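A quick write-up on the structure given underneath.
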Amino acid sequence: MKELSLEDGKRLVKLSRSIIADYLRSSLDRDLYRKEISKIVDEKLGVFVTLRYFSDRSLRGCIGYPFPSDSVAELLIDASIAAATEDPRFMPLSYKELDKINVEVSLLSEMQEIDKSNISREVVIGKDGLYLQYLYRSALFLPEVPIEEHWNLNQYLENLCYKAGLPADTWKKEKAKLFRFQTIIFAEIKPNGAVKRINLDELR
């Protein structure tokens, strides 16, 4: 994954916010945003958009695409809209509510399959996100989740299984596949304000 500058990150976050705003106003021009995003990132990467309340950083929506099935431009547009309106845990965001929300954009590295026999060395909390795939079920946690939830490695793995609707030890099964990945995260400090790159160590 190519290193992005802070200026690149600022532009991606601001474009994500504008996509959400335009979509909520029914004035979204996808072609315009495709062109603008493609000027910043032309790789194929996984993309997540996370929305948090400015007041307490509580989650307001998080949707993404762990695998680069399309361009970053296309995925960022879709993830921005979905985080605001399609996260099943929340009611769709209103245009007025957008002023209370911080926008975060995460770009994901390529998935690397984990050697489960050496799990304690394969996964670093505070660095690695996890993706579980078992039969027809899957679940993903971004790297910041175990830090925010104060999970140890075992709790991280168990909750990943629970998120997939599976028993806590499913990750150990022969047919279960575990993948790790890293992220570059850019986030607003306040709604529509300055943007910084998130250092995961700051969340501890």
Qualifying residues in region 152-197 (those that are of a type in the set (V, I, T) and buried (at least 19 other Cβ atoms within 10 Å of the Cβ)) - the one farthest from the chain's Cα centre (by Cα): T170
Of all residues making up region 153-204, the number that are basic (K, R) and over 30 Å from V41 (Cβ atoms): 3
So E7, is it under 19 Å from P68 (Cβ atoms) and surrounded by fewer than 18 Cβ atoms within 10 Å (Cβ to Cβ): no
Single condition N199 does not satisfy, out of (1) out of contact with any Gly (no Cβ under 7 Å at 6 or more places or on another chain); (2) at pLDDT 95 or above; (3) assigned by TED's automatic domain parsing to the domain that holds Y53: (2)
Residue in region 18-31 that is surrounded by 15 or more Cβ atoms within 10 Å (Cβ to Cβ), over 30 Å from K172 (Cβ atoms) and touching a strand residue (DSSP E or B) at 6+ places or on another chain (Cβ under 6 Å) present: no
Pairs with Cβ under 8 Å, 6+ apart, first in region 43-59 and touching a residue at least 24 places away in the same chain (Cβ under 8 Å) and assigned by TED's automatic domain parsing to the domain that holds L98, second outside any strand (DSSP E or B) and acidic (D, E): K44/D70
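The values are calculated or read from the model by the stated rules, or taken from the named source; none is laboratory data. These figures come from a predicted structure and were not determined experimentally. Heads up, the Cβs are rebuilt from the backbone with ideal geometry, glycines too, and the neighbour counts pull from every protein chain shown.
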